[in-house]
Structures are given as structure tokens and as C-alpha cells.
Amino acid sequence: MRALTVRATGPLALVEDLGRPGRAGIGVARSGAADRASLRLGNRAVGNDEGAAAIEVTFGGLALEVGDEGLCLCVTGAPVDVTVDGRGAGSHAVLQVAAGSRVALGTPRAGLRSYVAVRGGIDVPEVLGARSRDVMAGLGPEPLAEGDALPVGAPVGDLPGVDHLPWPDLDEPVVLRAVRGPRADWVEDVDLLTSTAWQATDRSNRVGTRLAGSSLRHSRDDQLPSEGAWRGAVQVPPSGEPVLFLADHPVTGGYPVVAVVVDEDVDRAAQVRPGQEVRFRWVGAP
Amino acid sequence: MIVHPYGDRALLVDLDDGEAALALADALRADPPAALGDLVPAARTVLLVAAEGAAVADLRAALAGVRPGERSSSGDGEEVEVPVVYDGEDLDDVASLTGLSREEVVAAHTGQTWRVAFGGFAPGFGYLVGEDDRLHVPRRQESRTRVPTGAVGLAGEYAGVYPRESPGGWQLIGRTDLAMFDLDREPAALLRPGVRVRFTDVTGTSP
């Protein structure tokens, strides 16, 4: 059958698709791949629908054994050494892997999250309409563990006939475009956001990237009634250290959102490693 | 109504009060504009996210054409009955904060129809608004690190039921055995926006 067996997971390996739209009303966030562009790219390369489920691998280390049917796969996102039965094969390349072979990812050279897209998609059961692990809500397929068997779906489209894909632009320093947020006036000086060289802390995860480097002091003492949040929102808790929301952000939140990162740039933010420098640049709203 | 930009794909609409936010969310749900991809109602705001392929300008144009009606007090919303054992740790505090007796707190809680205004905090958690302000109380000074599944609480203008064990700062007045969120049930969440809720007092009746 078309399947993969997990032989090693690295720090964190999750099944992700493009998430669960339209469920904020019951407290369920969108979730899905943290770097959606890389998921889409990988899926297109192997002839899948863009939103097919793939494996999101945080900081490499994943090893998979192909079942008794050969598969076609492609690793995108954070560029990483990929080996098939020990032979170098490379990321951002469409690979035909034989039955029984072992596919392994090294440690990414840049970026944080790689995506293993498989022709046919990872065919685990949907949970609330998606095959996405939401780490904050604890919803969706469990994090991968050694020995897990992952069914792979039947191919739906033609292979596009592409062998190699462009690498993502992971140039440094990371500069994220941001639109002034609805509660920018709830901090004393919102321009500190763009004048500070922030550092992503190790308390960052799929919920958000936590930043250190300065303090955006609140200018008011009253409490903001809970309001809707979205991927890309820069929320400032009373500590003054902003959090940039990623895929598994809270549905609603009570701290002021002082900026919202341009949607396309949130995928880049999801590739920022702890310790790495992050800057913001104001852009106008469309 | 103030419309704030929210990045390049969304708008955050500020409304005068909770009623107006409910009414706008209702109107958008009843007749969703093509440009609307996702909708996140909250206490005084509604966040509108553009649909894939739609621009935020389309969303802005669609929003200008929305005519929120009066809040539907009866409407077609489903009604859910939630049986509660009123033995919450904060029942006495709620009584003194509201100037009511314990019995009057229970009577006020069971004697009005609540409505799910919005979700958040955890899957299956609904912020419930009632018909009057008798039970409006502040959150606890100190949050609890562990609130059990099914705890029934009050905070600000809202009532709620914890769908699973979690930290929490709401004033706890009781508990229910009714599962708020169950993935093996369709729909998984009992408290969806628009659903009306009646709490019933089953203190001392459960085995």
C-alpha cells in the first residue's frame, strides 16, 4: 500500500494542510502549515492540490521508510540535506523513491521548518475538516512519533514535470512588512517596533514568535475587551515584549494588536529561528 | 462603526457595544459577501478576513452594503439546556459582589436566556451574554492554574462553561456534566454563535 513509516521525528514533526477556515465561532483557529507558501510549492511540485496534507518538520531530523509501493515526494521550506538510502538527493527537488527505501532529512542550513510533500498527500483522517495539528488547541493528528504509519492518498493530478524548485528567500536580516495595527495607540511609542532590532526568543512556537529587544510600554491601564486575532498580528502583553502570531494563534485575545504583518511575510516569519534578528518596516494598508 | 485596517488581508470593525457586534456578525453570517473568507466576532468588534482571491477593498465595499438588523431575540437559533450543580467555589463571592443571596444568584443564572456571542479561549468555549446585568462580576483577582472540565463561570458581562481542564480566572458558580466539545459528536461544539442557552438547577438531584 501507499504508506510511510516514521523512523525518526527530529524535534517536532506534524501533519499540516491549509487548516480549518470558518470555525472561529467555536473557538477553533485556522492552524495549518506555518509556512503556507512552502507547503503549496511542495504540493504543486508533486501534482497535488495545493492544500494537501504534508509533514511539517521543525529543525530537520525526520526519517521515513517508504512502504511497499514507491512514492514521489518533494522537500520544500527550510533548505536541508535529504538522503535516500544514504545517498544525497537534496531538498527542493522532486524525488522518486522506491519501495522500502529510507528518506532522511538533516539539519536545515537556514530557516526552521521544512515540508515533506508526498504525491497523493498524507491521508490521515480529517479532524474538523482538516488534517492539521493545532498545538495550542491540541486538535488534529497527534505529533508524529517513531513507528507511526502514515497512509498516502492516491494521486489526483498529473505531475507538472518540474525537477527542481527555487529555494525560498531566507536572506538576513529578516525584515517583515507591517501595517499599523488597530490598537497602535495603546502603547507609548509604536515606532519602537520598527526602530528596534528584535530577537526571536526560544519561547517561540507555532502559536507565535516571541520577540525581545525592547519594551513597547502600554499607554493605558484599562483592559481591552477580547477581540478577534489573526495570523500576522503583533500583540503586546503587559511585559511590552511583542508576540507575532503564527498558525496556531488564539482565536480572540485581550492584549492590544499594534501592528499586523503583511500576509505573505508571515510565511517568512515562520522560518525565523530562535536567536535570529527580526526587523519590521511600516507599509500602508491596501 | 469604525473600520480599521488589519494587515493587508483583513479589517477590524469597532462597534459601539456588544449588541451591535452581535448584530453585524449575525448579518454577515446570514448573507456572507463573496469577498468574506473568515469572520471572528468578539466583545465589541468583528474581524473580517478577505476570501482567497478577494482584495480587502472588496471586503470594505461589501461591508458598506451590510445592514445589520435588530438582534434576533428568538430567531431560529437552537436552544440548549445545560444542567448545573450550583456548588462553585466562588458562589459566595459572586453573591457578595452582586448583592444577591446564593439562591438569588442561582435564580438569576437559571432565570434568563443566554446567547452565544462569540468563541475563543479554547475549542468549544462560548462567551454567553444574558438579558440583564444582575450577574456582571469582575474576573477573579488571581487566576486558577486548574479549572476542571465543565466548570460554569462568570466574568464581566459573560457566562461560560470550561470545555476542558485549563487555567482560568472566571468566578466559578457551578459545574455541568454536559460535554461542551466532543469530536465524536456532530456538531462537535454545543455552544455555537447564535445558540441560546438555558441553565437548569440540578443541585442535589444527581446521584
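The values are calculated or read from the model by the stated rules, or taken from the named source; none is laboratory data. Keep in mind that what you see is a predicted model, and the values were worked out from it rather than measured. Here Cβ is always computed from backbone atoms with ideal geometry, including for glycine, and neighbour counts include all displayed protein chains. All accessible areas refer to the heavy atoms of the entire protein, side chains included, with ligands and DNA or RNA removed. Shrake-Rupley method; radii C 1.70, N 1.55, O 1.52, S 1.80 Å.
Summary table below
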{"quantity": "Conditions (1) of a type in the set (D, E, K, R); (2) farther than 25 Å from A:Y255 by Cα; (3) over 17 Å from the mean Cα position of the chain (by Cα): number failed by B:D8", "calculated": "(2)"}
{"quantity": "Positions within the stretch A:201-237 being aliphatic (A, V, I, L, M) and in contact with a Leu (Cβ under 6 Å, 6 or more places away or on another chain), in sequence order", "calculated": "A:L216, A:V234, A:V236"}
{"quantity": "Count - residues of the stretch A:188-208 that are open to solvent by 10 Å² or more (accessible area, probe 1.4 Å) and either of a type in the set (S, T, N, Q) or more than 14 Å from every other protein chain (Cβ to nearest Cβ) (or both)", "calculated": "14"}
{"quantity": "Spans of strands (runs of 3 or more DSSP E) in the stretch B:154-207 with at least 3 residues more than 13 Å from every other protein chain (Cβ to nearest Cβ)", "calculated": "B:171-175, B:196-201"}
{"quantity": "Any hit, the stretch A:223-234, residues being buried (at least 20 other Cβ atoms within 10 Å of the Cβ) and away from chain B (no Cβ under 12 Å)", "calculated": "no"}
{"quantity": "Only one of B:A27, B:A21 that is open to solvent by less than 10 Å² (accessible area, probe 1.4 Å), out of contact with any helix residue (DSSP H, G or I) (no Cβ under 8 Å at 6 or more places or on another chain), touching a residue at least 40 places away in the same chain (Cβ under 8 Å) and more than 8 Å from chain A (Cβ to nearest Cβ)", "calculated": "B:A21"}
{"quantity": "Residue list for the stretch B:99-117, filter: assigned to a helix (DSSP H, G or I), among the aliphatic types (A, V, I, L, M) and surrounded by 23 or more Cβ atoms within 10 Å (Cβ to Cβ)", "calculated": "B:V105"}
{"quantity": "Residue that is least open to solvent (accessible area, probe 1.4 Å), among those in the stretch B:1-15 that are outside any strand (DSSP E or B) and modelled with pLDDT of 95 or more", "calculated": "B:G7"}
{"quantity": "Complete set of residues in the stretch A:250-271 that are more than 11 Å from chain B (Cβ to nearest Cβ) and of a type outside the set (D, E, K, R)", "calculated": "A:Y255, A:P256, A:V258, A:A269, A:A270, A:Q271"}
{"quantity": "Matching residues, the stretch B:118-138, being more than 8 Å from chain A (Cβ to nearest Cβ), open to solvent by 10 Å² or more (accessible area, probe 1.4 Å) and outside any loop (DSSP other than H, G, I, E, B)", "calculated": "B:V129"}
{"quantity": "Qualifying residue in the stretch B:70-92 (condition: in a helix (DSSP H, G or I), in contact with a Pro (Cβ under 9 Å, 6 or more places away or on another chain) and either in the same structural domain as B:L135 (by TED's automatic domain parsing) or surrounded by 16 or more Cβ atoms within 10 Å (Cβ to Cβ) (or both))", "calculated": "no"}
{"quantity": "Residue identified as within 16 Å of A:G111 (Cα to Cα) and away from every other protein chain (no Cβ under 14 Å) among A:T9, A:T58", "calculated": "A:T58"}
{"quantity": "Whichever residue in the stretch B:104-122 is in contact with a Lys or Arg (Cβ under 9 Å, 6 or more places away or on another chain) and modelled with pLDDT under 95 and, among such residues, is nearest to A:V135 (Cα to Cα)", "calculated": "B:A122"}
{"quantity": "Cβ-Cβ under 7 Å pairs, at least 6 apart or on other chains, the stretch B:2-16 side within 7 Å of another protein chain (Cβ to nearest Cβ), far side of a type in the set (S, T, N, Q)", "calculated": "B:L12/B:T45"}
{"quantity": "Residues of the stretch A:25-52 satisfying the condition of being within 14 Å of another protein chain (Cβ to nearest Cβ), basic (K, R) and either closer than 16 Å to A:V124 by Cβ or touching a residue at least 40 places away in the same chain (Cβ under 8 Å) (or both)", "calculated": "A:R30, A:R36"}
{"quantity": "Leading residue by the ranking (nearest to the other protein chains (Cβ to nearest Cβ)) among those in the stretch A:235-249 that are assigned to a loop (DSSP other than H, G, I, E, B), crowded, with 22+ Cβ neighbours inside 10 Å and not charged (D, E, K, R)", "calculated": "A:H249"}
{"quantity": "Where B:G153 falls short, out of the listed (1) open to solvent by 10 Å² or more (accessible area, probe 1.4 Å); (2) modelled with pLDDT of 95 or more", "calculated": "(1)"}
{"quantity": "The stretch A:27-57, residues that are open to solvent by 20 Å² or more (accessible area, probe 1.4 Å) and more than 19 Å from A:L71 (Cα to Cα)", "calculated": "A:R30, A:R36, A:A37"}
{"quantity": "Filtered residues of the stretch A:171-196 (kept if outside any loop (DSSP other than H, G, I, E, B) and not hydrophobic (A, V, I, L, M, F, W, C))", "calculated": "A:R177, A:R180, A:D185, A:T194, A:S195"}
{"quantity": "Any chance A:L12 is at pLDDT 95 or above, closer than 30 Å to A:G208 by Cβ, surrounded by fewer than 23 Cβ atoms within 10 Å (Cβ to Cβ) and touching a His at 6+ places or on another chain (Cβ under 9 Å)", "calculated": "no"}
{"quantity": "Segments classed as strands (runs of 3 or more DSSP E), wholly inside the stretch A:53-143, with at least 2 members that are out of contact with any Gly (no Cβ under 6 Å at 6 or more places or on another chain) and under 18 Å from A:D35 (Cα atoms)", "calculated": "A:54-58, A:71-77, A:113-118"}
